Amino acid sequence: GAVVSQHPSWVICKSGTSVKIECRSLDFQATTMFWYRQFPKQSLMLMATSNEGSKATYEQGVEKDKFLINHASLTLSTLTVTSAHPEDSSFYICSARGLAGGGGVQETQYFGPGTRLLVL
Amino acid sequence: AQTVTQSQPEMSVQEAETVTLSCTYDTSESDYYLFWYKQPPSRQMILVIRQEAYKQQNATENRFSVNFQKAAKSFSLKISDSQLGDAAMYFCAYRAPNYQLIWGAGTKLIIKP
């Protein structure tokens with residue numbers, strides 16, 4: 001249980017284009033989803049927190065107009081990197097925290113497999 | 001502010017032996033959760049073990065166990081009978097009241113065959 005999928009796993013795009021990354025909780029309803037960015041050999045850096053039906057809360061230094069987050073349902077959140085540039089190339093990971101229920105899904109973040117973005 | 005410290009950038013262990021990864025944290029909260037996550041080369045973040053601070057009993061998941069010392073704010077991970085598949089980055093994380101995770105810098109675990 002507590003499976004999170006992320007799509008696409010790999011994306012290469014040209015500078016100036018927009019890229020959408022989907023994050024889905026497959027077997028539980030996610031009250032909260034988190035978006036992270038990870039640089040090589042570093043820990044995860046939280047970009048934003050999104051709750052279903054609400055505007056995302058962005059961490060300091062993260063451009064909300066560049067990284068658009070939508071959490072339209074209890075099982076789907078999307079991150080759109082707008083007008084991507086080479087410096088946006090990175091590994092993006094989402095995680096989900098479930099509604100109250102068994103197995104600790106409410107207390108635990110479960111992670112998607114990540115998306116590698118390369119902007120040329 | 002809450003912080004998490006992993007003082008071992010890299011650890012190595014012989015296959016089948018036991019290794020302990022260290023983690024200390026700082027918080028003024030009395031009730032919280034602590035986690036160990038594993039990130040293998042695939043970069044999928046996998047939950048290894050979870051500890052609730054109000055539970056005095058140390059969490060155990062098969063070959064993985066923790067030594068949770070609340071007063072000392074220490075949360076170490078013990079891996080018994082190490083296997084080649086245990087090779088990964090291990091991250092210690094503290095769950096803040098707003099459900100955000102505060103991460104340690106990670107420990108790279110190398111398994112020697």
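Throughout, read-outs are computed from the coordinates displayed, never taken from laboratory work. Not measured: the values here are computed from a predicted model. Note: ideal-geometry Cβ built from the backbone for every residue, glycine included; neighbour counts use all protein chains shown.
Just a few scattered comments:
- A Förster radius of 41 Å, combined with the Cβ-Cβ distance separating residue A:41 from residue B:71, puts the computed FRET efficiency at roughly 0.80.
- Region A:1-16 and region B:24-97: distance between their alpha carbon centers, rounded to Å: 27
- Förster-model FRET efficiency, 30 Å R0, residue B:63 and residue A:120, C-beta, rounded to 0.05: 0.10
- Sequentially through region B:44-61, phi angles give Karplus couplings (6.51, -1.76, 1.60; θ = phi - 60°) of 6, 7, 10, 5, 9, 7, 10, 10, 8, 5, 7, 8, 6, 6, 5, 6, 9, 9 Hz, Gly and Pro residues having no value and appearing as x.
- Over region B:33-107 - Rg/Rh using Cα atoms and the Kirkwood inverse-distance radius: 0.96
- Among B:46, B:79, B:102: highest mean-square fluctuation, GNM of chain B, C-alpha pairs under 10 Å: B:46
- Its Cα centre serving as origin, region B:19-66 has a Cβ charge dipole (Lys and Arg +1, Asp and Glu -1) of approximately 340 debye.
- Residue list for region A:42-68, given a label point 7 angstrom along the Cα-to-Cβ vector of residue A:83 and an amide N cut-off under 14 Å: A:63-68
- Distance in nm between pseudo-label sites at residue B:26 and residue A:106 (7 Å out along the Cβ direction from Cα): 3.2
- Of A:115, A:86, A:29, farthest towards positive along the dipole that unit charges on Lys, Arg, Asp, Glu beta carbons give chain A: A:86
- Loop sites in region B:9-113: GluC sites (Glu not before Pro), DSSP, at most 10 other Cβ within 10 Å: none
- Of the chymotrypsin sites (Phe, Trp or Tyr not before Pro) found in region B:40-70, those that fall in a DSSP loop while having at most 15 other beta-carbon atoms within 10 Å are B:54.
- Unsatisfied cross-links (Cα-Cα over 23 Å) in the set A:20/A:41; A:14/A:66; B:38/B:78; A:41/B:55: A:20/A:41; A:41/B:55
- Within the shell defined by Cβ-Cβ distances under 12 Å, the residues around residue A:11 carry a net charge of +1, with Lys and Arg each +1 and Asp and Glu each -1.
- Exposure proxy for A:87, A:107: other Cβ atoms within 10 Å of each Cβ, ordered fewest to most, give A:87, A:107.
- A simple spin-label model places pseudo-atoms 7 Å from Cα toward Cβ; at residue B:12 and residue A:14 they are separated by 4.7 nm.
- Chain B - charge dipole about Cα centre, Lys and Arg +1 at Cβ, Asp and Glu -1, debye rounded to 20: 100
- Contact order normalised by residue count of chain A, Cα under 8 Å, 6+ apart, percent: 36
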